[in-house]
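Participant: Structure below; questions to follow.
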Amino acid sequence: MAVTRKVRRFSGGVCDLGLHVVWCPKYRRPVLDGRVAQRLDELIRQKADEHGWEIVTLETMPDRVHLFVRHDPKSSASYVANQFKGFTSRVLREEFPHLKSRMPTLWSSSYFAASVGAVSAATVERYIDTQWERPQKKRERGVP
């Protein structure tokens, strides 16, 4: 399956930044189901809209959340993850009191984040390593 590159324009540049973020409830408790899961989905989309981030895909499972989001170049992986975790924790614990009584906090303090792109790391490495082999670069260096 081919991945379509979708670049976003910002002042001073163009980027294609994607992030796969995974986080879990405290003690990996399976509390993300039914109305809680539905509301969590709404809140994540609301927070993404607020920041101008694009949700590519979102999967809420009873004991974890998988999110693929495209974000701006000024937002670090930790900022993106913590924006979603902090906001959703506060709202969900207000709206669903059972989430307060069963756990000291809604989310585990950790998360997983990996950059996602249409080009693999090996492709980028090969591209950089072969820059001087390209005809226009050889001419710039004075090599016929």
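Participant: Going by the structure shown, is V69 surrounded by 16 or more Cβ atoms within 10 Å (Cβ to Cβ), of a type in the set (V, I, T) and touching a Phe, Trp or Tyr at 6+ places or on another chain (Cβ under 6 Å)? Full working, then the answer.
Facilitator: Values: surrounded by 16 or more Cβ atoms within 10 Å (Cβ to Cβ): yes; of a type in the set (V, I, T): yes; touching a Phe, Trp or Tyr at 6+ places or on another chain (Cβ under 6 Å): yes.
Against the criterion (surrounded by 16 or more Cβ atoms within 10 Å (Cβ to Cβ), of a type in the set (V, I, T) and touching a Phe, Trp or Tyr at 6+ places or on another chain (Cβ under 6 Å)), V69 qualifies.
Participant: Where residues in region 1-14 are free of Cβ contacts under 8 Å to residues at least 60 places away in the same chain and in a loop (DSSP other than H, G, I, E, B), which of them is surrounded by the most Cβ atoms within 10 Å (Cβ to Cβ)? Let's see the steps before the verdict.
Facilitator: Within region 1-14, the first condition is being free of Cβ contacts under 8 Å to residues at least 60 places away in the same chain, and the residues that meet it are 1-2, 7, 9, 11-12, 14.
Next cut, in a loop (DSSP other than H, G, I, E, B) only: 1-2, 7, 11-12.
Working: M1: 2, A2: 5, V7: 12, S11: 4, G12: 6.
Checked region 1-14; the qualifying residue surrounded by the most Cβ atoms within 10 Å (Cβ to Cβ) is V7.
Participant: So is V21 part of a strand (DSSP E or B) and closer than 27 Å to P104 by Cα or not? Steps first, please.
Facilitator: Values: part of a strand (DSSP E or B): yes; closer than 27 Å to P104 by Cα: yes.
Spelling it out, V21 is indeed part of a strand (DSSP E or B) and closer than 27 Å to P104 by Cα.
Participant: Confirm whether A77 is over 27 Å from S101 (Cα atoms), of a type in the set (A, V, I, L, M) and in contact (Cβ under 8 Å) with a residue 24 or more places away in the chain.
Facilitator: yes
Participant: Mind listing whichever residues of region 15-66 are crowded, with 16+ Cβ neighbours inside 10 Å, charged (D, E, K, R) and touching a Cys at 6+ places or on another chain (Cβ under 9 Å)?
Facilitator: R64
Participant: Here's another thing I want to ask about it. Only one of these is outside any strand (DSSP E or B), over 26 Å from the mean Cα position of the chain (by Cα), closer than 30 Å to R64 by Cβ and of a type in the set (G, A, S): S101, S109. Name it. Full working, then the answer.
Facilitator: Values: S109 fails: over 26 Å from the mean Cα position of the chain (by Cα).
The unique qualifying residue is S101.
Participant: Of the residues that sit in region 65-95 and are in a strand (DSSP E or B) and not hydrophobic (A, V, I, L, M, F, W, C), which one is modelled with the lowest pLDDT?
Facilitator: Taking the candidates together, the pick is R70.
Participant: Taking K100 as the residue in question, decide whether it is farther than 24 Å from S11 by Cα and modelled with pLDDT under 95.
Facilitator: yes
Participant: Out of (1) outside any loop (DSSP other than H, G, I, E, B); (2) under 23 Å from H98 (Cβ atoms); (3) of a type outside the set (A, V, I, L, M, F, W, C), the odd one out for T57 is which?
Facilitator: Tallying (1) outside any loop (DSSP other than H, G, I, E, B); (2) under 23 Å from H98 (Cβ atoms); (3) of a type outside the set (A, V, I, L, M, F, W, C), T57 fails exactly one: (2).
Participant: Can you tell me which residues in region 55-73 are over 9 Å from the mean Cα position of the chain (by Cα) and of a type in the set (D, E, K, R)?
Facilitator: E59, D63, R64, D72
Each row is one residue, and each column tells you yes or no for (1) surrounded by 14 or more Cβ atoms within 10 Å (Cβ to Cβ); (2) hydroxyl-bearing (S, T, Y); (3) in contact with a Gly (Cβ under 8 Å, 6 or more places away or on another chain); (4) over 20 Å from Y27 (Cα atoms).
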site	(1), (2), (3), (4)
P73	no, no, yes, yes
F84	yes, no, no, no
E95	no, no, no, yes
K100	no, no, no, no
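Participant: Restricting region 24-62 to residues that are out of contact with any Leu (no Cβ under 7 Å at 6 or more places or on another chain), in contact (Cβ under 8 Å) with a residue 12 or more places away in the chain and of a type in the set (D, E, K, R), which is nearest to V7 (Cα to Cα)?
Facilitator: If we take residues in region 24-62 being out of contact with any Leu (no Cβ under 7 Å at 6 or more places or on another chain), in contact (Cβ under 8 Å) with a residue 12 or more places away in the chain and of a type in the set (D, E, K, R), then E54 is nearest to V7 (Cα to Cα).
The values are calculated or read from the model by the stated rules, or taken from the named source; none is laboratory data. These numbers come from a predicted model, not from an experiment. Backbone-built Cβ (ideal geometry, glycine too); neighbour counts: all protein chains shown.
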